[in-house]
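Undergrad: Would you mind keeping the following structure in view while I ask a few things?
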Amino acid sequence: METNEQNSKFLPLAVIVAGVLIAGAVVWNGSRPPTAPTGAAPAGNGAAPTIAVDIKNLKASNDPFIGNANAPVTIAFWSDFQCPFCKKFELETFPQIVKDYVDTGKIKVVFLDFTFLGQDSVAAAIYSHAIWKLYPAQYMDWRTAMYIAQDDEGDQGFGDAESIDKLNATIPGIDAVKVAADVKANTATYQAMIDADRAEAQKAGVNATPAVLVGKQVILGAYPFPTFKTAIDAVLK
């Protein structure tokens, strides 16, 4: 009986404590930031989210591209050189897209900027336009090198002008001094191109990277190759 009496004494207290913990959990959970797109769409499997748009309405005449300029299909790719999900897409998924669709002349890929992770993102995008202008044949080598060298998101070190100048000096066929001079002379022009890319992204409902526009579908996230294969094959029919 003594044990039962003790239990009956502690029971109300336990209920109160449990209630406080539950209430605290609810408040804490309610104060957490949303897990929906926060600038870098999560990698994963399954059907990709879609937005009703049309690549025929895209304005991207000054942006870098790879593939046959007259390919039957064009796809657009918005990215940020500081985005880790863009790095995942570029290094793991994109090479297969290039092999199966770009190298075979089936598609052209246009690269657009969606800079949102600090000044390093902007600096990298500006250099991207300079590289494309001066050394289009080396553009993809440079682009891949930039993603391999990527550090943490934001202005963490790599991505500033000094770091990019050093990287440029290591890529065969690129004159780092010439690129730096071009960037200095044309920063305003390249910034206008970056702003134009963001305006096109907003029209397409893009609010995260990587984002790929295929036909009338935007795929948000570093999805595996089969997701993009399905979308591309559909517009090639």
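All of the numbers you see were taken from the coordinates with simple rules; none came from a lab. Please read all numbers here as calculations on a predicted model, not as lab measurements. When we count neighbours, we look across all protein chains shown, and the Cβ atoms used for this are built from the backbone with ideal geometry, even at glycine.
Undergrad: From the phi angles alone, apply the Karplus equation (6.51, -1.76, 1.60; θ = phi - 60°) to the range 85-97 and give each ³J(HN,Hα) in whole Hz, x where the residue is Gly or Pro.
TA: 6, 5, 4, 4, 5, 5, 8, 10, 9, 4, x, 5, 4
Undergrad: Can you work out the Karplus-derived ³J(HN,Hα) for every residue in the range 165-173? Use 6.51 cos²θ - 1.76 cosθ + 1.60 with θ = phi - 60°, whole Hz, and x for glycine or proline.
TA: Rounded to whole hertz, the list is 4, 5, 5, 4, 5, 8, 9, x, x.
Undergrad: Reachable lysines from Lys178, Cα under 24 Å, same-chain residues fewer than 8 places away excluded?
TA: Partners found: Lys133, Lys166.
Undergrad: Between Asp54 and Ala137, what length in nm is gained on full extension when 0.36 nm per residue of separation is reduced by their alpha carbon distance?
TA: Separation in residues times 0.36 nm, less the Cα-Cα distance, equals 27.0 nm.
Undergrad: Continuing with this model, one more query. By average Cβ neighbour count within 10 Å, what is the ranking of 173-184, 84-95 from highest down?
TA: For the peptides 173-184, 84-95, the packing ranking is 84-95, 173-184.
Undergrad: Separation between the Asn70 and Lys237 pseudo-spin-labels, each 7 Å from Cα along Cα→Cβ, expressed in nm?
TA: Label at Asn70, label at Lys237, 2.7 nm between them.
Undergrad: Taking the Cα centre of the range 55-236 as the origin, how large is its charge dipole in debye, to the nearest 20, when only Lys and Arg (+1) and Asp and Glu (-1) carry charge on their Cβ atoms?
TA: Around 780 debye, computed over the range 55-236.
Undergrad: Just order 119-130, 226-237 by mean Cβ neighbour count inside 10 Å, highest at the front, would you?
TA: The densest-packed peptide leads the list: 119-130, 226-237.
Undergrad: Provide, for q = 0.13, 0.16, 0.17, 0.20 Å⁻¹, the log10 of I(q)/I(0) from a solvent-free Debye sum over equal Cα point scatterers in the range 55-236.
TA: For the range 55-236 at q = 0.13, 0.16, 0.17, 0.20 Å⁻¹, log10 I(q)/I(0) is -0.61, -0.95, -1.09, -1.51.
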